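Notes follow the structure.
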């Protein structure tokens, strides 16, 4: 991958990382643990919590397990970006989102031994699953989730791939170059 192209994707990761760390810094500085501030009625709160587990309430064990898994994922993403055979734009953007989010949460784990979460968003209740309020998360978690969804989509559409380029990647290339 050309260096200028790599820099564009790393810039996406850097924007996610900076936004994540700045918002977490502001939360830690201005709220006490478990304190909540209503932003939009009952729909959105900023609620400062420490999360020793993973995204969406997962619990694979102690925080160090997540640290090891994160380091392994970071290694694979960096290897992917270093590979001359890396896939299209969709895949690269998805991995850049995951990279930025993973580094953001890794910094928290190394600094605090757990992750700072603060976005407490209420979605419609799903009572048959005993799901009444979304898990508290952060910008890094949102970026990782969006990246995983995009990555999944890129895998699914790879079957409909034209030689050398997938359909969304071709459309994205046309949009960014101004052609239609």
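Bear in mind these aren't lab numbers, they're just calculated from the coordinates by the rules spelled out. No experiment lies behind these values; they were computed from the predicted model shown. Note that each Cβ is placed from the backbone with ideal geometry, even for glycine, and that neighbours are counted across all protein chains shown.
Per-structure values
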{"read-out": "FRET E, pair residue 83, residue 36, Förster distance 45 Å, beta-carbon r, rounded to 0.05", "value": "0.55"}
{"read-out": "Rounded FRET efficiency, nearest 0.05, which uses the C-beta distance separating residue 71 from residue 8 and R0 of 25 Å", "value": "0.55"}
{"read-out": "Packing rank of 18-30, 132-144, 112-124, 96-108, where each peptide gets the mean count of other beta carbons within 10 Å, highest leading", "value": "96-108, 132-144, 112-124, 18-30"}
{"read-out": "Mean projection area, nm², convex hull over Cα of the stretch 1-110", "value": "8.3 nm²"}
{"read-out": "Residue 127 versus residue 153: modelled label distance in nm, points set 7 Å from Cα along the beta carbon direction", "value": "3.3 nm"}
{"read-out": "Cα-based Rg of the stretch 5-48 normalised by 2.2 N^0.38 Å, two decimals", "value": "1.56"}
{"read-out": "C-alpha center-to-center spacing [the stretch 49-108, the stretch 109-129] in angstrom", "value": "17 Å"}
